[in-house]
Amino acid sequence: MRGSAEVLYTAVAAGSFRRYATYRTATVAGVVTNTVFGFIVAYTYIALWHERPHLGGYDQAQAMTFVWTGQALLAVSALMSGGNLDELQERIRTGDIAVDLYRPADLQLWWLAADLGRAGLQLIGRGVVPMAVGALVFPLALPGEALTWCVFLLSVLLAVVVSFALRYLVALASFWLLDGAGLSLISGLACMFFSGMVLPLRVFPGDFGHFVQLLPWASMLQVPADVLLGARTGGALLRGLAFQAGWAVALLALGRLVQRAATRKVVVQGG
Amino acid sequence: MSGTAAEQLIEMDGVEKVFSVRRKEGRLRRVRHEVRAVDGITFRVPRGEMVGYIGPNGAGKSTTIKMLTGILVPSGGRLRVAGIDPARERTRLARRIGVVFGQRTTLWWDLPLKDSYELVRRMYRVPDARYRDNLARCVELLDLAPLLDVPVRQLSLGQRMRGDIAAALLHDPEVLYLDEPTIGLDVVSKAKVREFLREVNAERGTTVLLTTHDLTDIEQLCRRVMVIDHGRLVYDGRLDGLRAAGEGERTLVVDLARELPPIEGVPGARTVKVAGPRQWLVFPAGQSAAPLVAAVAERYPLVDLSVREPDIEDVIAKLYAGGRGGVM
């Protein structure tokens, strides 16, 4: 039983990966956008760090690394968009979701698998290229050992899961809202700021700075970036990963509760 | 759950579905209204039967199908599909049923058709040999071979529909629910889909519940038809019985040797139209045409004749107009 379920969801993830691989033009356009924006943000940060060296505890190379990690993870962690889940939202709105409920598969796991497939392709497509360009042009603080890269990839995986879990909640809200577009927009804006995409969260002073680093969005960019640029090592590294895993579990569990309520609503009241 | 020949695969006993709808009245007041989408329906479908389930828009057809698949919980009554209470064990039942919605798709939009089938294989855990057999069969009968590598978004509606029907059958479901499977299809695609459904029903013994507005589907596929209106069954029986039940009339068209005044004096029939040597006589659908033909031939120079069945559309329109609890 267990084994065949894994086979199914692996197939879903693989299918989603191949599906995103067919969007070649979109991938190329995304790579160009991420690279161009990388340059713009990089020069902004250079100006900023020139005025205030060691802002947020980062030196300039680390700040540059943060910029290019942000560009690399923008699509992977779906920091601005719904990723795969825009489609789920649409299926709920049109009622096509009814078809999905006929299947002997778990809705949340299905979409999680699909989203991981998407993230995998976008890591290769829209992650690697901007990062490589950034590394060629700017001095970056990239780790030398393979182990740090592996831990970084684990942190990215957790970032995607947290991001998925949040977007899944947003998508499920469409069961109650007539149109989920407004919520998606708010969610996207919140994500841009609280993930550290606008400025690294460590830059913000005082209680506010501490507070924003406790929110789930911090899992989506701030933590993996800190792992890569060497701001988290030893105990802080483990705490960072535990922080991500904690939010992942909590939000996935919340998603299950909401999913149950949504299914009950459909089941009792009709589509 | 015994496997006897007379096994009832679908059992509905007094099944009801009441939706509570809140409607605005005045500025702030909201009044709860009850909408009885399905209002006490009872029927049985034995294993291997192909039944037409028809009714006007909003009659309760889709609500019935949703209850039969377990995504809607009935408000009252008893419901079993293959011995399973659908709402309680939706996932267990899902492995044993197939569902096709003409207007929705389960296929993966941007991937080749065959990728969706691979996913179905894993989702339903279809054994390899079985999967290969079933796929080969569907590919042959539904002409899918040239489509397997085509992304679903590039398929025409008819091709996509055939693709969806195949996807619903790869796991050998015991029951197949079809909701408007031929909607929007051209004549050739319709014929292909019908031919395929006939085969599946005949060879696999798959029980089929077919919802459609295209009565030709029903005429060509189902001997039994159920008509639902306002949430109640208004007819359940053989298709030919429906004609009599709807007080339909058959038409006898006769070609005489020459132009003559309207035929008179044939008991049980009246002449409704004359055009040159051709005349049209109508008589009740329940009555035999033979004595009429004899009576006409005895007194008129009969050259040729044909009998036309009542138009099933008219019959059903009459049934709907009859309203609640009409014919049964």
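Here are the numbers for the structure shown:
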| read-out | value |
| --- | --- |
| The one condition in (1) crowded, with 19+ Cβ neighbours inside 10 Å; (2) touching a Phe, Trp or Tyr at 6+ places or on another chain (Cβ under 9 Å) that A:Phe193 fails to fulfil | (1) |
| Segments classed as strands (runs of 3 or more DSSP E), wholly inside the stretch B:13-104, with at least 2 members that are surrounded by fewer than 22 Cβ atoms within 10 Å (Cβ to Cβ) | B:30-46, B:76-81 |
| Set B:Ser2, B:Ser20: member being over 17 Å from B:Met226 (Cβ atoms), modelled with pLDDT under 85 and in contact with a helix residue (DSSP H, G or I) (Cβ under 9 Å, 6 or more places away or on another chain) | B:Ser20 |
| Residue pairs meeting the criteria (Cβ under 6 Å; at least 6 apart or on separate chains; first farther than 10 Å from B:Phe43 by Cα and more than 10 Å from chain A (Cβ to nearest Cβ), in the stretch B:6-21; second outside any strand (DSSP E or B) and not charged (D, E, K, R)) | B:Leu9/B:Ala82; B:Glu16/B:Ser75; B:Val18/B:Ser75 |
| Output for the stretch B:108-128, where each listed residue is among the aliphatic types (A, V, I, L, M), within 10 Å of B:Pro151 (Cα to Cα) and more than 9 Å from chain A (Cβ to nearest Cβ) | B:Leu113 |
| Boolean, A:Ala21 is over 30 Å from B:Ser116 (Cβ atoms) and either within 20 Å of the chain's Cα centre (by Cα) or polar (S, T, N, Q) (or both) | no |
| Residue check for A:Thr10: part of a helix (DSSP H, G or I), polar (S, T, N, Q), more than 14 Å from chain B (Cβ to nearest Cβ) and more than 21 Å from B:Thr105 (Cβ to Cβ) | no |
| Test: B:Leu215 is in the same structural domain as B:Val51 (by TED's automatic domain parsing) and crowded, with 20+ Cβ neighbours inside 10 Å | no |
| Only listed residue being over 30 Å from B:Asp110 (Cβ atoms), in a helix (DSSP H, G or I) and more than 12 Å from chain B (Cβ to nearest Cβ), chosen from A:Gly56, A:Gly38 | A:Gly56 |
| Filtered residues of the stretch A:82-108 (kept if under 17 Å from the mean Cα position of the chain (by Cα) and either surrounded by fewer than 19 Cβ atoms within 10 Å (Cβ to Cβ) or β-branched (Val, Ile, Thr) (or both)) | A:Asp86, A:Glu87, A:Gln108 |
| Whichever residue in the stretch A:78-103 is in a helix (DSSP H, G or I) and of a type in the set (A, V, I, L, M, F, W, C) and, among such residues, is farthest from the other protein chains (Cβ to nearest Cβ) | A:Leu85 |
| Yes/no for B:Arg258 being loosely packed, with under 14 Cβ neighbours inside 10 Å and either under 30 Å from B:Gly76 (Cβ atoms) or at pLDDT 85 or above (or both) | yes |
| Output for the stretch A:109-132, where each listed residue is under 16 Å from A:Val160 (Cβ atoms) and surrounded by fewer than 17 Cβ atoms within 10 Å (Cβ to Cβ) | A:Leu109, A:Ile124, A:Val128 |
| Residue in the stretch B:162-184 that is under 19 Å from B:Trp109 (Cα atoms), at pLDDT below 90 and buried (at least 18 other Cβ atoms within 10 Å of the Cβ) present | yes |
| Close pairs (8 angstrom Cβ cut-off, 6 or more residues apart or separate chains): in the same structural domain as B:Thr63 (by TED's automatic domain parsing) in the stretch B:30-50, of a type in the set (Asp, Glu) and assigned to a strand (DSSP E or B) anywhere | B:Arg36/B:Glu16; B:Val38/B:Glu16; B:Asp39/B:Glu16; B:Gly40/B:Glu16; B:Ile41/B:Glu16; B:Thr42/B:Asp13; B:Phe43/B:Asp236; B:Arg44/B:Glu11 |
| Hey, B:Gly77 out of contact with any Leu (no Cβ under 9 Å at 6 or more places or on another chain), at positive phi and more than 14 Å from chain A (Cβ to nearest Cβ) or not | yes |
| Sole exception among (1) within 12 Å of chain B (Cβ to nearest Cβ); (2) among the hydroxyl-bearing types (Ser, Thr, Tyr); (3) free of Cβ contacts under 8 Å to residues at least 60 places away in the same chain; (4) surrounded by fewer than 22 Cβ atoms within 10 Å (Cβ to Cβ) for A:Thr33, by number | (1) |
| Filter result (crowded, with 21+ Cβ neighbours inside 10 Å and in contact with a Ser or Thr (Cβ under 8 Å, 6 or more places away or on another chain)) within the stretch A:141-169 | A:Val156, A:Leu158, A:Ala159, A:Val160, A:Val162, A:Ser163, A:Leu166, A:Arg167 |
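The values are calculated or read from the model by the stated rules, or taken from the named source; none is laboratory data. Everything quoted here is computed from the prediction, not taken from an experiment. As a convention, Cβ positions derive from the backbone with ideal geometry for all residues, glycine included, and neighbour counts pool all protein chains shown.
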